[in-house]
Amino acid sequence: MKKIFTIAVLALAAMPMAAQETYENANIATEDLNGTARYVGMGGAMEALGADISTIGTNPAGIGLFRHTMASTSLSGLELQDAEDFSIGKKTKVSFDQIGFVYAHRSGERSFLNFAFNYHKSRNFNDLTEVSDGLNGASQNKLSYAKGFEQLFDLNFGNTITGNSNAFSQVDYLYYNAFLGDEEGNLFYNDANSYLMRKASKGHIGAYDFNLSGNINDRVYLGLTLGIKDVNYKSYSEYSEQLLDWNMKGIGSTTLADERRIDGSGFDIKAGIIFRPVETSPFRVGLYVNTPTWYDLKTSNYTELINNTNVGLYKSFNSSEVYEYKLYTPWKFGASLGHTVGNWLALGLTYEYADYSNLDSRYNTGGTYDWYYDNYYEDSESDYVMNNHTESTLKGVHTLKIGGEYMLDNDLSLRVGFNYLSPMYSKDGYKDGSLDSPGSYYASATDYTNWKGTTRIMIGAGYRFDKVSIDFAYQYSQKNGEFSPFMSYWTADGENMSDNVCNPVKLNKERHQLLFTLGYHF
């Protein structure tokens, strides 16, 4: 029994820099609909219409439709419905979301060569979650007990817990040191009858896009964007269980408090084209492709297990780790249609596809130093175990954007938009803590949520006087999901241990965003 305790203590000091886990990676890889108020108000369906600076980050050919130099900046207010402030998370938050400019240079009688720069928040991590439910005897500490027990003795609980050192996470480390043993070296676990999870996150991914674009005879538009991204993510969670003794009497609770931070940078390249098939018609078609974002990331955590019972060795025990890894997001492909009627109506339709099962988690393997150029290059390899899990957990996402703009007169316009994003997560997906992967090894939380499709509805308005434009937009987004505090497992026949199964809890997330953009046309 003491040998298991020793393995748990030493394990976290032996691993090299490592890769991350599927659910954390999915959180980093996804994007919000954000940008100028006009772009958001039309549901982002402007990849063929163009002439909005926000298309720089999707179809860069849209910048080629500008005929005048302009600059804009945007602010927004975000509210999380049915949420309460907790720790670092706020229900309502004001955000600086966009600033950029386009320099339009005439290169011929009907042709332009344009340059543009734009910053926008491609991802806002501000979020709050509170969920509670019964456990009917299952518990997080029971899961850690089973994993550690099998790691030493190679037991097989229904082929769910595989028993390997990489699967022994920081959560398991804390339970084995603070709770699962006594002074005589005996190991035990406790069932639980309920849990409470509270989690808050904040931060953003900032996208800095540099664009070169133009048009040929006002009929074919081409664009290329180099994007640089800055990741700043922080989260804090408290997961508590009400525990039972062998007589099913309450003995108090344990709380796992986890602080997580992810920082880093990445870059991508976007290319696109817009063309008018019929010279005399304003109808146009847009096609574009976005490369993966190649991220270099660093994650760190401070995690503490607080023991509010009269069993176990310690009242609290903590763990902290820092490691670096790489993440390559999937390719994104898009097609769009746009049409205008006179100068009073604009209609847009966009379809995008990205296969998130192809997320590439990579761990750093060392580096190469170039003496001639005095540069150091970090080498990496794919984490094939985690990537196989990602392939079975995540899916391709289909995104549909529809938008329209109606000009009441030359100065005032009204807009409406709609988005639907198909589910990213497999219905049977789960956060597998038994994987022989460094991503499991450094995990400091066991919860996960399988989100379903996302719906967004937008309305907006704009007013222009002289060279100044003012635009407003409101965006409502909603998605449902199923939350689980930890993975379930089922024991094999004959083992002196019961199943450890937790039922998923339905979640509903609703967000409201008000966006304001101020523009100036030179």
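The values are calculated or read from the model by the stated rules, or taken from the named source; none is laboratory data. Since the structure is predicted, the reported quantities are computational estimates derived from the model, not experimental observations. When we count neighbours, we look across all protein chains shown, and the Cβ atoms used for this are built from the backbone with ideal geometry, even at glycine. When the accessible area is computed, the model is the full protein with side chains, heavy atoms only, and any ligands, DNA or RNA have been set aside. Shrake-Rupley method; radii C 1.70, N 1.55, O 1.52, S 1.80 Å.
A few comments on the model shown:
- If you go through region 213-231 and pick out every residue that is surrounded by fewer than 17 Cβ atoms within 10 Å (Cβ to Cβ) and modelled with pLDDT of 95 or more, you end up with 5.
- Subset of region 198-245 [of a type in the set (D, E, K, R) and in contact with a helix residue (DSSP H, G or I) (Cβ under 8 Å, 6 or more places away or on another chain)]: Asp209, Glu241
- When Gly64 is tested against (1) touching a helix residue (DSSP H, G or I) at 6+ places or on another chain (Cβ under 9 Å); (2) part of a helix (DSSP H, G or I), exactly one condition is not met: (1).
- Qualifying residue in region 481-496 (condition: open to solvent by 50 Å² or more (accessible area, probe 1.4 Å), within 29 Å of Gln98 (Cβ to Cβ) and modelled with pLDDT of 95 or more): no
- In region 325-345, the residues that are under 18 Å from the mean Cα position of the chain (by Cα), surrounded by 17 or more Cβ atoms within 10 Å (Cβ to Cβ) and either under 28 Å from Tyr442 (Cβ atoms) or not charged (D, E, K, R) (or both): Tyr325, Lys326, Leu327, Tyr328, Thr329, Pro330
- Residues of region 346-387 satisfying the condition of being open to solvent by 70 Å² or more (accessible area, probe 1.4 Å), at pLDDT 95 or above and farther than 30 Å from Val416 by Cα: Asn358
- Flag if Asp85 is surrounded by fewer than 13 Cβ atoms within 10 Å (Cβ to Cβ), under 17 Å from Gly203 (Cα atoms) and not β-branched (Val, Ile, Thr): yes
- Among the criteria (1) of a type in the set (Gly, Ala, Ser); (2) surrounded by fewer than 24 Cβ atoms within 10 Å (Cβ to Cβ); (3) in a strand (DSSP E or B), the one Ser72 does not fulfil is (2).
- Any chance Gly108 is open to solvent by 20 Å² or more (accessible area, probe 1.4 Å) and more than 30 Å from the chain's Cα centre (by Cα): yes
- Elements of type strands (runs of 3 or more DSSP E) contained in region 302-362, each with 2 or more residues being touching a Pro at 6+ places or on another chain (Cβ under 7 Å): 332-341, 345-355
- Residue in region 463-473 that is within 17 Å of the chain's Cα centre (by Cα) and surrounded by fewer than 23 Cβ atoms within 10 Å (Cβ to Cβ) present: no
- Against the test of being among the basic types (Lys, Arg), surrounded by 15 or more Cβ atoms within 10 Å (Cβ to Cβ) and at pLDDT 90 or above, the options Lys147, Lys90 yield a single qualifying residue, Lys90.
- Qualifying residues in region 399-428 (those that are in a loop (DSSP other than H, G, I, E, B) and either farther than 30 Å from Glu381 by Cα or in contact (Cβ under 8 Å) with a residue 60 or more places away in the chain (or both)) - the one most open to solvent (accessible area, probe 1.4 Å): Asn410
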